[in-house]
Structure formats: structure tokens, C-alpha cells
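Enquirer: So that we are looking at the same thing, I have put the structure below in C-alpha cells.
The values are calculated or read from the model by the stated rules, or taken from the named source; none is laboratory data. This one's a predicted model, so the numbers in the text were calculated from it and none came from an experiment. Quick reminder, even Gly has a Cβ in these numbers, built from the backbone with ideal geometry, and neighbours come from all protein chains shown. All accessible areas refer to the heavy atoms of the entire protein, side chains included, with ligands and DNA or RNA removed. Shrake-Rupley method; radii C 1.70, N 1.55, O 1.52, S 1.80 Å.
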Amino acid sequence: MDEVQITLPDGRVEVFPKGTTIKQVFEALGLKDSIIGAKVNGKVVDFWYELESDATVEPVSLDSPEGLYLIRHTAAHVMAEAVQKLFPGEVKVTIGPVIENGFYYDFDFPRGFTPEDLEKIESKMKEIVEENKPLVRKKVSREEAIRIFREAGETYKIEIINEIPPEEQITIYEQGDWFDLCRGPHAPSTGFVKAFKLLSVAGAYWRGDERNPMLQRIYGTAFSNERDLKEYLTRLEEAKKRDHRRIGKELDLFSIQDEIGPGLVLWHPKGARVRRVIEDFWRKEHERCGYDILFTPHIARLDLWKTSGHLDFYSEYMYPSMEVENTAYQLKPMTCPFHIMIYKSRIRSYRELPLRWAEIGTVYRYERSGVLHGLLRVRGFSQDDAHIFCRPDQIEEEVLGVLDLTVFFLRTFGFDDYEVYLSTRPEKFVGSEEEWDKATMALKNAIESKGLKYSVDEGGGAFYGPKIDLKIKDVLGRAWQCSTIQVDFNLPQRFEISFVGEDNLRHTPIMIHRAIFGSFERFFGILIEHYGGAFPLWLSPVQVRIATISDTHIGYAEEVYNILRQENLRVERDFRNEKLGLKVREAQLEKIPYLLVIGNKEVETKTVAPRRLGGKNLPSMKVEDFLRLIEKENNPYKWREVENYS
């Protein structure tokens, strides 16, 4: 009998017959009930996995990230069974994957689900969990799988089966009398799904294509214990309060209107003020760091995108081209080719490099309507785009400079916690292995010299070069992809750009793509949720509002208003004939950092009575004293030194 050797985490080596399942291995080793699966050569598998060759085997515990994956995948199946038991013959199942914070399952259910239905589904799920039904993996042939699901009337499953590669084994997971087409892996039984909650229902097109039927997607989450579930649900409620779409409407910051088009943002005056503050700061700091600011058109001849390769590799995200005077033009999805053409406009010397060029460039990318999400996923947006053209020996120094600038920006806007990822050479790539190795080492050295902790995503680089990605964490601990630094060996070759080296020969420069915010729309959405709309003073669309107690105070209030305007503060007047309590309440709801109240006393003493957002009343003070009070808060470089924000 053929045998396989397994190596355990403690270094022990055990021998088992070939084809032994993970369940049989763990039973022989007498491992604890808290073990829910395994990692075989780093891959997460369940108890039904058969060992066909020597491998390293690591038990997966219930409370590990891998264990959570198994629980959530099983929860999706439990939910699907519950739905079909509650609505027999009415519902077809499609797919039910694990996602970042839970799981979902898409159902073809013409009536649609109601909140009351979710409660019933949860109750039925609890019954299925109580039954503690084993999940049994069954291998079937393609013909048998098609027969099984045709008899069940599951047309979507047949479509999936027909797309499975011929060499791949088809498997079904059974839990009692219910079954589903699935690769796995799963928890050993339904009883492991102890702490779960169904969250919401949304529409989703089959395969994400609006030409296909609209399905009903039920989102849920699951954890290994009730405590973790409760903590997550609390964070979720806080996230709902901070939803940038709701706050954006309440504070009149932006809108997305059907008459304009999905994913196309209208910046209202208050939102535009914040954006202008961010843009002004962005330009000032880039110029300080040796960048030149560029401006490029919104369209270009289609041939430009053929040369760049976007038409071949990116066309699904590009809008249809337009014809003008018998020439095809394309809305730009990227700014890179424009910057390259500026570089190519004349001969460059090695002495000129590096060239650092930045642009706040508006681009247009087609995203399916089903994935659009407020400011976070749009179709028209402005990137804080920059490209650095440098010699190979300058890569590390330039990347270090970009990292310095990125960390400075993120901290300035209140983000101190971020995850850093270094993505390396994939299987298919352009450029030589030597170029890749040198560039990857330059990125690695830059990260380490900054003292940043990072993870390596082996093979996760783009085909044209290695990259660094930074995900910022907001006040709720959620990670957001924003900053990226990418080395590019591809575009310089495609456009045949060069510089004259010290040897008087032509050499190909390295191109570094980088963005700090990603896009102004997305970053603004993140800022709204991070601060819950209560921006620091220097970023607030309205920094100060002046409120009078009666009409007799308007004359002096106008004087104060004019002084603050001369100091370039963003100030509003509330001189209405309304009760002060209403004015205070409205200022709080609009999250204005300071309300200056003016009554008889303030008129007589030529002072103002400041009230901070949050309800703290400050003593009456002269206007010049108020200006000194807020001086640091209104300074992007010093605002975090103020006690309110520390």
C-alpha cells in the first residue's frame, strides 16, 4: 500500500496510507474538538480532504481566521437550506461565497425577501444548527451532477457545472437531505455555526451582468462565539451612523443623481470647499517635494490607448469610443499615456532625471451599476496621480521619497494606522528577472528604512512591475485601499521613451506610478466616515457660525463676521429671528466646529461667546483672542497638537 508522510507543526513526521482523510489523521492523533479543519501545504482544507502525497499539515482551530472562513462558508449553506425549506419550490440557489466580514447567498426568488422573511430564515437556521448535521463531501461525475441538479430544477447550478474545466473533480456537499454544488471547504457539521446574524437583502444581477436576471442577495455574518458577533454588530451600527452617503446628504456635501447618471458625483458648495482645501494642500506639498503640476485633456485619439495597451487589457472598464472628423477618440481611463507623451516631446538627458510630474486628473471608468457605492466606487473621479521618470539606480531613493510623502499626508489627515503590502513578480511579466529583482529589492529597502511593518504578496504584482500598497485604517478599524506605488517596465518600452546616458547612448527610464489618496472622491468618502462628518477645524466646510440672540445684535455680529472673513475663515451667519436653542441645535447637527453666540453682554464688551461642537461653552473673549485660540486647529501642520484632537 502506498504511504504518505505528513509533517506536523512541532516537527513530528507521521506516516499514513495514501488517500487518508484529514479527519482520519486527526482522529488517529487524538486532536481536540476545537479543531475544525487543516492547512495542507498552506492551503485551507476540511476534514474530507484526501492526502495523496507527502505534505505539511497544520490543524486549524475554531477561533483562527481560517476557522472563521470554514464557519462562514458553512453558514452560507445553512442559510440556503433554510431558505429552500421555508419556500419549497419557489427558490433557486446560485452561489454563496465567504466575503471579508461574513458571507452572502444569491437566490432567484421573484417575490423578493422582506425583513420578516429574514427573521423566519434565522429561526430556521437555528433549527438546522441544533440538528448538528454533518457536512459530507461527495464526488460525482459531470453527467451525474447535471442529472442531480436538473431533477432539482436548479438551472443556475447546471450553468456552473458546464463551465467547470474537464479535468476538475466535481463535488457536492450534503447536510442531511439538502445538498449543494460546492468545492468546499466546510466545517465538519452545521453545529459549528453557533453565532450568526442575517444583515440585509440587496438586488444583484446573475454574474454581475445587468442583462441577466436580478437575484436576491442575503448578506450575513458568523463568528466562533457570541462575544465576537456582538462586538461586530456594535461596530456595524456605528458604521451605519457614519455612512458617508447619509452624512453627505445631511451636511449637503455631494449628491449622485439619476438625471446626471450613476457613479457621477456632483460636489455641492460645502463639499467643494473641503475638496479645495485638500487640493490646495496637495499642490503645495507636491511642489515642496519637487513635483511639477501638469494638466492634460479628458479625451485622446483611440490610437494612444492602443499603444499603451489599455485597449487590449482594460477595454471592459473603458467607455465606448466616439468618432470626431472620421477619427476615433476615447475618454481617458488613466493619465499615464499623457505624461509619457510630455516626456517624449523632446530628448531627455540622464542629468534631468528624476522627473516628478503630478496631476489631479479626472478619469472615467465603466463600472457595472451593481458595484457602484456612493463616493467609494464611481464612474468619474479625480485621481491624485503622479509619475516619476528615473534611472534604475534612482528607484530606491524615489520610492523612499514617495513613502515619506504618503505617510506625511496620511498622518496630516488623521490616519496613523495602516497595512503595507509588497507585491512581487507574477508568473507572466514583462522586463527581465534581473530588473524585477532589483526593483523589488529597492521597494523592500525603502519600506524597511521607514521602519514600516509589511506583508509580502508573493506573485501579486502587476505584469508590468512590483508594487507597494497601503491600506489605511479608520476609527472603526476598517481597512481602506488608498495609496499605491508601482514600478512600471512596460509603458516605457511600449512608447519607446529613452534618455541619453552618461555614455551618450539611449537608455530606457523606469516609470513609477503613484497615488496617495487614490481618488479625491474615495478619499473624501473615507474622511466623512472616519470623522462621522465632524471634520477637524482646518478641513470643515463651515468653520464658524455666528448666532445672534435678537435683531439688536446684528450690527455687531456683522462686524465680527467681516473680521473672520478677512482672516480667511469659512464663516456663516445665523441672524434669524429664532430661539437660540434652535440655532445651537442646528449648528450641532451640521457639525460646525464653533458657534459664536452674540447677545447683549457680547455687544457691550465687544466679545464673542464660543461654543465648541460637542456642547462645551467657553468664556466670552475678544475676537482676536478667539483667533489665537483656533490658530493651531486651523493649521494642517499643527492641528493634532491641540488637546481636542490628540
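Enquirer: For the range 619-643: of the residues being open to solvent by 30 Å² or more (accessible area, probe 1.4 Å) and hydrophobic (A, V, I, L, M, F, W, C), which is nearest to V544 (Cα to Cα)?
Expert: L627
Enquirer: Taking the condition farther than 19 Å from R273 by Cβ, open to solvent by less than 40 Å² (accessible area, probe 1.4 Å) and assigned to a loop (DSSP other than H, G, I, E, B), does G533 pass? So that I can check it myself, show each step before the final result.
Expert: Values: farther than 19 Å from R273 by Cβ: no; open to solvent by less than 40 Å² (accessible area, probe 1.4 Å): yes; assigned to a loop (DSSP other than H, G, I, E, B): yes.
Against the criterion (farther than 19 Å from R273 by Cβ, open to solvent by less than 40 Å² (accessible area, probe 1.4 Å) and assigned to a loop (DSSP other than H, G, I, E, B)), G533 does not qualify.
Enquirer: Which condition number does R235 fail, the rest of (1) under 25 Å from D117 (Cβ atoms); (2) open to solvent by 90 Å² or more (accessible area, probe 1.4 Å); (3) within 21 Å of the chain's Cα centre (by Cα); (4) basic (K, R) being met?
Expert: (1)
Enquirer: Output the residues belonging to the range 147-176 that are charged (D, E, K, R) and over 24 Å from G208 (Cα atoms). Quick ask: steps written out before the conclusion?
Expert: First pass over the range 147-176, keeping only residues charged (D, E, K, R): 147, 150-151, 154, 157, 159, 163, 167-168, 174.
Within the range 147-176, R147, E151, E167, E168, E174 qualify.
Enquirer: If you don't mind, there's one more thing I want to ask. Which pairs turn up if I take residues in the range 166-188 that are farther than 14 Å from E144 by Cα and open to solvent by less than 10 Å² (accessible area, probe 1.4 Å) and look for partners that are part of a strand (DSSP E or B) and among the hydroxyl-bearing types (S, T, Y) with beta carbon separation below 9 Å, at least 6 apart in sequence or on another chain?
Expert: Cβ pairs passing all conditions: Q175/S189; H186/Y173.
Enquirer: If L229 satisfies all but one of (1) out of contact with any Ser or Thr (no Cβ under 6 Å at 6 or more places or on another chain); (2) more than 30 Å from F523 (Cα to Cα); (3) open to solvent by less than 50 Å² (accessible area, probe 1.4 Å); (4) not in a strand (DSSP E or B), what's the number of the condition it fails?
Expert: Looking at each condition in turn, L229 falls short on (2).
Enquirer: Next up: Anything in the range 341-371 that is assigned to a helix (DSSP H, G or I), at pLDDT 95 or above and among the hydrophobic types (A, V, I, L, M, F, W, C)? List them, or say none. I'd like the intermediate steps shown before the answer.
Expert: Step one: of the range 341-371, the residues assigned to a helix (DSSP H, G or I) are 341-343, 350-352, 369-371.
Filter once more, so that each one left must be at pLDDT 95 or above: 341-343, 350-352.
Listed by number, the residues that qualify are M341, I342.
Enquirer: Give the residues of the range 315-353 that are open to solvent by less than 50 Å² (accessible area, probe 1.4 Å) and closer than 20 Å to R514 by Cα, sorted by residue number. Working first, answer last.
Expert: Here is the first cut: in the range 315-353, the ones open to solvent by less than 50 Å² (accessible area, probe 1.4 Å) are 318, 327-328, 330-340, 343, 348-350, 353.
Matches in the range 315-353: K332, P333, M334, T335, C336, P337, F338, H339, I340, Y343, L353.
Enquirer: Give the number of residues within the range 35-58 that are more than 33 Å from the chain's Cα centre (by Cα), of a type in the set (G, A, S) and assigned to a loop (DSSP other than H, G, I, E, B).
Expert: Within the range 35-58, residues that are more than 33 Å from the chain's Cα centre (by Cα), of a type in the set (G, A, S) and assigned to a loop (DSSP other than H, G, I, E, B) number 1.
Enquirer: Which one is nearest to Y637 (Cα to Cα) among residues in the range 251-282 that are of a type in the set (D, E, K, R) and surrounded by 14 or more Cβ atoms within 10 Å (Cβ to Cβ)?
Expert: Only one residue tops the list, namely E279.
Enquirer: Taking the stated definitions as given, is E3 charged (D, E, K, R), free of Cβ contacts under 8 Å to residues at least 24 places away in the same chain and open to solvent by less than 80 Å² (accessible area, probe 1.4 Å)? Don't jump to the end; show me each part of the working.
Expert: Details: charged (D, E, K, R): yes; free of Cβ contacts under 8 Å to residues at least 24 places away in the same chain: yes; open to solvent by less than 80 Å² (accessible area, probe 1.4 Å): no.
Considered against the rule, which asks whether it is charged (D, E, K, R), free of Cβ contacts under 8 Å to residues at least 24 places away in the same chain and open to solvent by less than 80 Å² (accessible area, probe 1.4 Å), E3 comes out as no.
Enquirer: Please enumerate the residues belonging to the range 84-130 that are over 31 Å from the mean Cα position of the chain (by Cα), surrounded by 15 or more Cβ atoms within 10 Å (Cβ to Cβ) and in a loop (DSSP other than H, G, I, E, B).
Expert: F87, V91
Enquirer: For the range 402-424, give me each residue that is touching a strand residue (DSSP E or B) at 6+ places or on another chain (Cβ under 6 Å) and open to solvent by 10 Å² or more (accessible area, probe 1.4 Å).
Expert: D417, Y418, E419, Y421
Enquirer: Which of the strands (runs of 3 or more DSSP E) found entirely inside the range 551-614 contain at least 3 residues meeting this: in contact (Cβ under 8 Å) with a residue 40 or more places away in the chain? Break it down into steps so the answer makes sense when it comes.
Expert: Working: elements: 571-574, 594-598, 609-612.
Result: 594-598.
Enquirer: Could I ask something else about it? What is the number of the single condition among (1) of a type in the set (G, A, S); (2) open to solvent by 20 Å² or more (accessible area, probe 1.4 Å); (3) within 22 Å of the chain's Cα centre (by Cα) that G380 does not meet?
Expert: (2)
Enquirer: Take the residues in the range 425-473 that are among the acidic types (D, E) and either under 23 Å from S308 (Cβ atoms) or within 21 Å of the chain's Cα centre (by Cα) (or both); name whichever of them is most open to solvent (accessible area, probe 1.4 Å).
Expert: Narrowing the range 425-473 to residues among the acidic types (D, E): 427, 433-435, 437, 448, 457-458, 469.
Narrowing the set further to residues that are either under 23 Å from S308 (Cβ atoms) or within 21 Å of the chain's Cα centre (by Cα) (or both) leaves 427, 435, 457-458, 469.
Values: E427: 179, E435: 74, D457: 69, E458: 141, D469: 19 Å².
Looking at residues that are among the acidic types (D, E) and either under 23 Å from S308 (Cβ atoms) or within 21 Å of the chain's Cα centre (by Cα) (or both), I get E427.
Enquirer: Is it the case that T74 is touching a His at 6+ places or on another chain (Cβ under 7 Å) and either touching a residue at least 40 places away in the same chain (Cβ under 8 Å) or not polar (S, T, N, Q) (or both)? Step through it out loud before you land on a result.
Expert: On the way: touching a His at 6+ places or on another chain (Cβ under 7 Å): yes; either touching a residue at least 40 places away in the same chain (Cβ under 8 Å) or not polar (S, T, N, Q) (or both): yes.
Criteria met by T74.
Enquirer: Given the conditions (1) surrounded by fewer than 20 Cβ atoms within 10 Å (Cβ to Cβ); (2) assigned to a helix (DSSP H, G or I), and given that V399 satisfies all but one, which numbered condition is not satisfied?
Expert: Of everything listed in (1) surrounded by fewer than 20 Cβ atoms within 10 Å (Cβ to Cβ); (2) assigned to a helix (DSSP H, G or I), V399 misses just condition (1).
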